[in-house]
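Working notes for the structure below.
The values are calculated or read from the model by the stated rules, or taken from the named source; none is laboratory data. Quick caveat: nothing in here was measured; it's all calculated off a predicted structure. In this analysis, Cβ positions are derived from the backbone assuming ideal geometry, glycine residues included, and neighbour counts consider all displayed protein chains.
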Amino acid sequence: MSKRQPPHEQSVETLAIRTAQLRTEEMAHSEALFLTSSFVYDSAEQAAARFSGDEPGNIYSRFTNPTVRAFEERLAALEGGERCVAFASGMAAITATFMALLAPGDHIVSSRSVFGTTNVVYDKYLKKFGIDTTLVDIADLDQWRHAITDRTRILFLETPSNPLAEVGDIAALAELAHASNALLVVDNCFCTPALQRPIEMGADLVIHSATKYLDGQGRCLGGAVVGPQAPLEDIFGFLRTAGASMSPFNAWVFLKGLETLSLRMREHSRNAAVLADWLVAQPGIARVHYAGLASHPHHALAARQQSAFGGVLSFEVEDSDGKRDRQAAWRFINGTEMVSITANLGDVKTTITHPGSTTHGRVPDAEKQRAGITDNLIRLAVGLEGIEDIKADMARGLSAIGHEVTA
C-alpha cells in the first residue's frame, strides 16, 4: 500500500484531489475503502508494540483506520494545519475539543451567534463540570476583551455565523486569545477552506461539521478538528477513549466530496449572491442577512478574510397585513414547492428552515432575541439548481404571504 503526498505549496484545489491518496497493491485510481473493525498482527509482540505506541500502525477502527486517516490528512492539508482528528459529527468534534482541553474552573468566551446545540453544550453539560461560558456579540471586540478572565482558556466562534451571516475578525480575536494564553477556536463550516483559512489568520483550531459542505450532497454525518500537534494529541486521546468515531464509509464519502469542494463553493456563492440581491428588491422581504451585500455591516471584513461569501443567507419576511411573525415565516416556507424543508445545509439542493423553531429551538427566547433570531426569520442554504428556478420558488413563498415579485 502506498501513499503519495503532493507538496503543500500546491493550490487548495489540487490538495483536495491529490493529498493523501491511498493506493493498495491493486493500484485502484480511487482511494480504497477499508471497512473493518479491527486489524491483525504478525505476532503477539507486534500487537503489543502497536498498542503501546512503540510501533506505528492500525489497531482498531475506533481510532485508527486508513480511510479515516486519509480524510484527516487531506483536510489538514486544505486548512494548513499540522493534524486533523475526525469525529462522528460536527457536534462530537466541538464537544470533544471542550472535554479534552478544559478542566473544572475553566472559562469559555463564545460568540452568542453559534449553532443552537452548541449553546446546549455550554448550558446543560459543561456547566455540570464547572466550566462557565460568557456569550458576547461576535463583532464587538470590546465585549470579547472585557469578557476574558484569568480562567479563560478558549475563545470560540462561527464565522460567518448561523443563521445571520455575522462575521468575526479572526486575526483580531487571535491576538486577544494569545495575549491571554487562550486558544482561538473557529468553526469554519460555512466557508470551508475553499473560501477561508482561519489558521493563516492566527486561529489555533478549526472545527468542521463535515456533514455540510465537505460532503456536499447530504449523505453522511461527520466532524473534524484541525490544528497543531499538541492540542490535537489531547483531542485524539479523548476520541480514542470516548469513541465518537467517524465511520470508514463516511470518511470515503467525504474524500470524494473534498475533490469538488472548491468548484461547489464558488457556485454556491455565486447563486447566493444573485439571490440575495434579488430578495432585497422584493416586497415582503423586510431584511436580508448576507455578508456579500454591501449593506451588510460586516461586508468589508468578510471581503478581507474570505475569498467569497458562501451559500447561506437568511431573511425576515412581512406578510401583506404587515405582520412579522412565525406564522408569516411558516406560510412562506410552506408556499415553496421545489426547495427542501430541512434544517441541514451544505447540500447541492437548496434547503429552507425556520431557525427559531428548528436549529435554535432549544435556545431560550431571551437569548434568541439577543442573537437576532426573530420569529419571522428564514434561513436559506442556496444550492446549485438553476438560479431562475430558485427565484421562482421564492416567488411562490412570497405569494403565500400575499406579495407578488417585482421582477
- Any chance segment 48-56 includes a residue that's surrounded by fewer than 16 Cβ atoms within 10 Å (Cβ to Cβ) and touching a residue at least 24 places away in the same chain (Cβ under 8 Å)? no
- Item | Wholly enclosed strands (runs of 3 or more DSSP E) of segment 201-304 bearing at least 3 residues over 18 Å from the mean Cα position of the chain (by Cα) and touching a residue at least 12 places away in the same chain (Cβ under 8 Å) | 285-289
- Task: Give the residues of segment 292-330 that are within 27 Å of GLU404 (Cα to Cα) and of a type in the set (A, V, I, L, M, F, W, C), sorted by residue number.
- Result: LEU293, ALA294, VAL312, LEU313, PHE315, VAL317, ALA328, ALA329, TRP330
- Hey, does segment 54-69 have a residue that's more than 22 Å from ARG219 (Cβ to Cβ), touching a Gly at 6+ places or on another chain (Cβ under 9 Å) and small (Gly, Ala, Ser)? no
- Query: Is there a residue being of a type in the set (Lys, Arg) and farther than 21 Å from GLY257 by Cα anywhere in segment 80-102?
  - Reply: no
- Task: Would you point out the residue of segment 359-384, among those that are free of Cβ contacts under 8 Å to residues at least 60 places away in the same chain and among the charged types (D, E, K, R), that is surrounded by the fewest Cβ atoms within 10 Å (Cβ to Cβ)?
- Result: ASP365
- Message: Suppose we filter ALA328, ALA308 for residues that are modelled with pLDDT of 95 or more and in a helix (DSSP H, G or I); which single one remains?
- Response: ALA328
- Message: Need the failing condition index for LEU384 against (1) assigned to a loop (DSSP other than H, G, I, E, B); (2) touching a Lys or Arg at 6+ places or on another chain (Cβ under 9 Å); (3) closer than 25 Å to LEU157 by Cβ; (4) not aromatic (Phe, Trp, Tyr), just the number.
- Response: (3)
- Message: If a residue must be of a type outside the set (Phe, Trp, Tyr), under 24 Å from ALA395 (Cβ atoms) and not in a loop (DSSP other than H, G, I, E, B), how many such residues does segment 331-374 contain?
- Response: 12
- Selected residue (criterion: surrounded by the fewest Cβ atoms within 10 Å (Cβ to Cβ)) from residues of segment 386-407 that are touching a residue at least 60 places away in the same chain (Cβ under 8 Å) and not aliphatic (A, V, I, L, M): THR406
- Given the conditions (1) more than 16 Å from LEU301 (Cα to Cα); (2) touching a residue at least 40 places away in the same chain (Cβ under 8 Å); (3) touching a helix residue (DSSP H, G or I) at 6+ places or on another chain (Cβ under 9 Å), and given that ARG151 satisfies all but one, which numbered condition is not satisfied? (3)
- Query: Taking segment 13-40 on its own, how many of its residues are over 30 Å from LEU195 (Cα atoms) and either free of Cβ contacts under 8 Å to residues at least 12 places away in the same chain or part of a strand (DSSP E or B) (or both)?
  - Reply: 5
- Can VAL109 be described as surrounded by 17 or more Cβ atoms within 10 Å (Cβ to Cβ) and either part of a strand (DSSP E or B) or at pLDDT 95 or above (or both)? yes
- Task: Can you tell me which residue within segment 155-175, out of those that are surrounded by fewer than 24 Cβ atoms within 10 Å (Cβ to Cβ) and in contact with a Leu (Cβ under 7 Å, 6 or more places away or on another chain), is nearest to THR353 (Cα to Cα)?
- Result: ASP169
- Out of segment 156-200, which residues are in a loop (DSSP other than H, G, I, E, B) and polar (S, T, N, Q)? THR159, SER161, ASN162, SER180, ASN181, ASN188, GLN196
- Within segment 308-315, can one find any residue that is surrounded by fewer than 19 Cβ atoms within 10 Å (Cβ to Cβ) and either of a type in the set (S, T, N, Q) or not assigned by TED's automatic domain parsing to the domain that holds GLN217 (or both)? no
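Within segment 82-91, count every residue that is small (Gly, Ala, Ser) and surrounded by 24 or more Cβ atoms within 10 Å (Cβ to Cβ).
2
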- Matching option when the condition is more than 19 Å from the chain's Cα centre (by Cα) and either closer than 22 Å to ARG112 by Cα or assigned by TED's automatic domain parsing to the domain that holds CYS189 (or both), among ARG331, ARG370, ARG324: ARG370
- Item | Qualifying position, being touching a helix residue (DSSP H, G or I) at 6+ places or on another chain (Cβ under 9 Å) and at pLDDT 95 or above, among GLY356, GLY346, GLY361 | GLY346
